[in-house]
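All remarks here apply to the structure that follows.
The values are calculated or read from the model by the stated rules, or taken from the named source; none is laboratory data. As the structure is a prediction and not an experimental result, all values here were calculated from the model. Quick reminder, even Gly has a Cβ in these numbers, built from the backbone with ideal geometry, and neighbours come from all protein chains shown. Only protein heavy atoms, including side chains, enter the accessible area calculation; ligands, DNA and RNA are left aside. Shrake-Rupley method; radii C 1.70, N 1.55, O 1.52, S 1.80 Å.
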Amino acid sequence: MDFALTDEQRDLQVAAARYLADRYPPDRIAALADAAVGDPDAWPELRRQGWCDPELGMVEKGLLAQENGYALHPTAWWSTVGLAQPVHRAAGAAMPPGPLTLAWQDEAGTDGGCRAAPAYGGGWRLTGTRCLVTDVAEVSGVLVAADTPDGLALFAVTMPADGMTVTPQPTLDRLRRTARLRFADTPAELLVTADTGRQVLAAARRHGGTLLACEAVGVARRALDLARRHAGQRVQFGRPIGAYQAVAHQLADSYVAVELATSLSLRAAWLVGAADRGAADEAEVGPAYAEAVVAAREAAVRACETALQVTGGLGATWEYPLHWWYRRALWLDCFDLPTAAHLATLARQVLAAPA
Amino acid sequence: MDLRDTEDQAAFRTELRAWLAVQVPRFAVDGSGTTPGWTKALHTAGYTGLTWPTRYGGRGLSPTYQGIYAEESALAEAPDHINVIGLGMVGPTIVEHGTPQQQIRFLEPILSGEMVFCQGFSEPDAGSDLAAVRTRAVATTGGWRVTGEKVWSSYAHQADWCLLLARTQPGSERHPGLTCLLVDMRSPGVQVLPLRQNTGDSDFNQIVLTDAFVPTDCVLGPVGEGWQIAMTTLAHERGTFGITLTARLSVEFGRLVRTVRELGLTGDPTVRAEIADLHVHLQGLRWTGYRAMSMLNRTGRPGPESSILKLHWSVTNQRLAAFALRLLGPAGILDSPDSSAAGHWQHLRLRSRANSIEGGTSEILRGIIAERVLGLPRTR
């Protein structure tokens, strides 16, 4: 048992943190968020630095995701590496150089969905809707989950594509924007057949979701850092407010939540990586993923809300950047499976186990 | 990073588990675990002093093995062994700060269970504020005469020796002027009285010292530097203790799941949600404990993450105890063997409130995190 980062892992994390801190100081993050745009120019540099290397281990990706959350890294890295990369890997296909995303979610309250049909002369055509698709404005291609007569399969659509309409869906977190995609006979390439489509999609969501748990830890750490810096500097009644127990102890409790979430998200990353190599038992990986998501969401939301309390009137303003991290925390708290569903998974596992 | 036991660790764990499966029932039947017999059995089997240096009779293993031992023995509900303070706290402190004569005299008997230790730190007026210690030791021919009162001392009624913190410099205040003494509990002037807790149990004692004589060769570390020695002792306590606490919590959690089943509540959605959430916190503690242990292995010191373990364990154990008792419904008022789980939850509900007091109050622990980990200004 060795649950400590190696020197190489630590170096990777420090290098990522330094790169992001230099490129995205909080005022730049606030400006990008205000304008609701990303930083697509960063992509060649990310590739050059190896952020998208297919050989990167899952713990390493988890550490990058942590730093992304800390910095609110405004690129399509997560959509590409978190969601699209595992699909390409399962398909045995090489990743194209540009950023990608994955579209699988149905419109709530509709029976919309997306269907695929073989086209005359080869290839496939997609018709239907996918919503809450992340980073669409940044990517050069979309992977789409669509129903075929044999079941759910995964397709690649290169942008721009015929018959595809993109409608932005404005989001609470303006740094990870989403869009609704409508397909009308849109040409697509079959990537993963219906034999394994459902399974590959579930694995990709878990891969991406594990990285989001790591990202949530980074969000929590940043909120805690903003709050502790403020608590050390802001003077009221003649003392820095961090010298009052009512303030200090709230921050200590945030730290507790951050550490629990750090442990569970790194463990989940390690296990998901081991599962990719066929070296972990599903009965262990599934619950570990759920535990990480629940703990990390709680840590991110709690750390941000504590920071909002500690930073007082300053934290309540638009100009103080904390709310961008809070918005990301709320985004993470809601995206994909709800926390209640993860808890239900865990209750099933715990209550089914032999006494 | 590798979250699995190595081959050697797995073998150690398997062997230990098998040994505990046979031995724990033998000692649990009559509650004789809290006698030197259990420590002797552990010693004979080679499970004492796992991390002690080999030249002092230990096995010189890494903290991981101590972690495995702590985890497996708690999961097996092994008795609290009587010399836990000697093995876990006093022994390592003597290794670090003792004279060669003290090492020869005390270490081997601590390992074998012949010398049972207790600890005399807290006093009626020195609880969280340990530097307010008032027990005084006055220099006399060949040693010191000690007078004062110590409280919350586990095992003092069974102990042969006590590691005592006393004020040796008259008129001194706070941290300077304190000294650590090794006190023979059979010396004239040493009296042990049980403290009765609000559960009705007596897990702790009061030690009253009246002019008790401590010879010079029983001073541990330099005179006047008792505070530093006491801190070493407490640091050793925090090594793999988080793993023990978490494994005990995991035993309680298993019991809670059995209670849920017995009461036919497995289909209740609020019960399911609480069970799942408690499980997440338990797992968070467990893996943070492993992370802290791994840092200890790497650097020889527990990392900052270790500071949350005792704090969050107490929060979670209290939450579990409150939830469990409420599950019983009106039967929760019963305090007798015919209540569900034989009154276990009633007892745990009462006992768990002290979890956020003993071994560092939650207020003190949050203060330590705020100041030493988060770098906030001192709150006092």
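Taking only the Cα atoms of segment B:1-136, how large is their convex hull per residue, in Å³? Kindly include the intermediate steps, with their values, before the conclusion.
Numbers: hull volume 21.5 nm³, N = 136.
So the per-residue Cα hull volume is 158 Å³.
Hey, with R₀ at 41 Å, roughly what FRET efficiency would B:R301 and A:D41 work out to, going by the Cβ-Cβ distance, to 0.05? Please report the intermediate quantities before stating the final value.
Numbers: r = 44 Å, r/R0 = 1.06.
The value I calculate is 0.40.
Could you calculate the contour length gain from B:S336 to B:T6, that is, 0.36 nm times the residue separation minus the distance between their Cα atoms, to one decimal place in nm? Write out the running numbers ahead of the final one.
Values: separation 330, 0.36 × 330 = 118.80 nm, distance 4.58 nm.
Result: 114.2 nm gained on full extension.
Which residue fluctuates most in the GNM of chain A (Cα springs below 10 Å): A:D106, A:D150, A:D195?
A:D150
As a test of the definition: with a 1.4 Å probe, what buried accessible area, both sides summed, do you compute for A against B, in Å² to the nearest 100? Working shown, then result.
Values: alone 16360 and 18650 Å², together 30500 Å².
That pair hides around 4500 Å² of surface in total.
Roughly how large, in nm² to one decimal, is the mean projection of the convex hull of the alpha-carbon atoms in segment B:193-268? The partial results should precede the final answer.
Details: hull surface 36.9 nm².
It is 9.2 nm².
Can you list the residues, at least 5 places off or on another chain, whose amide H is less than 5 Å from the amide H of A:L102, using H built in the peptide plane?
It is A:T134, A:L143, by chain and number.
Above 47 angstrom, tally the Cα pairs of the protein assembly as shown and express them as a % of all pairs, no decimals. Walk me through the numbers before you get to the answer.
Values: 76455 of 269745 pairs.
Cα-Cα pairs in the protein assembly as shown separated by more than 47 Å: 28 percent.
Just the Cα atoms of segment B:32-93, one point each, no solvent: what log10 I(q)/I(0) does Debye give at q = 0.24 Å⁻¹?
-1.12
Between B:I357 and B:A235, what FRET efficiency follows from the Cβ-Cβ distance if R0 is 30 Å, with the result rounded to 0.05? Don't jump to the answer; show the numbers that get you there.
Values: r = 20 Å, r/R0 = 0.67.
For R0 = 30 Å, the calculated efficiency reads 0.90.
Considering only A:L211, A:L332, A:L226, give the residue with the highest GNM mean-square fluctuation for chain A, with springs between Cα atoms whenever their separation is below 10 Å.
A:L226
When the helix-only estimate is applied to the protein assembly as shown (DSSP H runs of n ≥ 4, each -39,500 (n - 2.57), divided by the residue count), what is the mean residue ellipticity at 222 nm, nearest 500 deg cm²/dmol?
Working: 22 runs with 340 residues, N = 735.
Helix contribution divided over all residues of the protein assembly as shown: -15000 deg cm²/dmol.
Can you give the FRET efficiency to the nearest 0.05 for B:S172 and A:D11, using r as the Cβ-Cβ distance and R₀ = 56 Å? It would help to have the intermediate numbers written out before the result.
Details: r = 48 Å, r/R0 = 0.86.
The calculated FRET efficiency here is 0.70.
With +1 on the Cβ of every Lys and Arg and -1 on the Cβ of every Asp and Glu, and nothing else charged, how large is the dipole of the protein assembly as shown about its Cα centre, in debye rounded to the nearest 20?
Working: 68 positive and 77 negative charges, 236 e Å.
Dipole about the Cα centre, nearest 20: 1140 debye.
Cut-off 10 angstrom, C-alpha nodes, Gaussian network model of chain A. Which of A:A275, A:A290, A:A227 fluctuates the most?
Result: A:A275 has the largest fluctuation of those listed.
In a Debye calculation with equal point scatterers on the alpha-carbon sites of segment B:78-128 and no solvent, what is log10 I(q)/I(0) at q = 0.15, 0.20 Å⁻¹?
-0.46, -0.71
What does the extension gain come out to for B:R258 and B:A21, with contour length at 0.36 nm per residue minus their alpha carbon separation? All intermediate terms of the calculation are to be shown ahead of the outcome.
Values: separation 237, 0.36 × 237 = 85.32 nm, distance 2.07 nm.
Contour length minus the Cα-Cα distance gives 83.3 nm.
If a helix is a whole DSSP H run, which ones in chain A reach 15 Å or further along their own axis (Cα) and hold a mean Kyte-Doolittle hydropathy of at least 0.5?
A:245-276, A:339-352
What number do you get for segment A:91-143 when its Cα radius of gyration is normalised by 2.2 N^0.38 Å, N = residues? Let's see the in-between values first.
Values: Rg = 13.2 Å, N = 53, 2.2 N^0.38 = 9.9 Å.
Here the Cα radius of gyration is 1.33 times the empirical estimate.
What base-10 log of the normalised intensity I(q)/I(0) is obtained for chain A from the Debye formula, alpha carbons as equal point scatterers, at q = 0.09 Å⁻¹?
At q = 0.09 Å⁻¹ the computed log10 ratios are -0.51.
Would you mind computing, in nm to one decimal, how far apart the modelled labels at A:D195 and A:D106 are, each placed 7 Å from Cα along Cα→Cβ?
Taking the simple label geometry, A:D195 and A:D106 are separated by 2.7 nm.
Looking at chain B, what % of the alpha carbon pairs are farther apart than 31 Å? Each step should come with its number before you reach the end.
On the way: 28521 of 72010 pairs.
Percentage above 31 Å: 40.
Can you spot the lysines whose alpha carbon is less than 29 Å from B:K310's alpha carbon? Ignore those fewer than 8 places along the same chain.
Output for B:K310: B:K40, B:K150.
Could you give the Stokes-Einstein D for segment A:146-298 in µm² per second, using the C-alpha Kirkwood radius, 10 °C, 1.306 mPa s?
Values: Rh = 19.1 Å.
Calculated translational D: 83 µm²/s.
According to a simple spin-label model (label point 7 Å from Cα along Cα-to-Cβ), what is the distance in nm between A:D225 and A:A31?
Using points 7 Å along Cα→Cβ, the separation is 2.0 nm.
Roughly how many debye, to the nearest 20, is the charge dipole of segment B:57-160 about its Cα centre, given +1 on each Lys and Arg Cβ, -1 on each Asp and Glu Cβ, and no other charges?
Values: 6 positive and 12 negative charges, 100 e Å.
Roughly 480 debye, rounded to the nearest 20.
In Å², what does the accessible area per residue of segment A:297-355 work out to with a 1.4 Å probe?
Working: 2540 Å² over 59 residues.
Roughly 43 Å² per residue, with all protein chains present.
In whole angstrom, and with the biggest value first, how far do the Cα coordinates of segment B:95-191 range along each principal axis?
Extents along the principal axes, in whole Å: 38, 28, 28.
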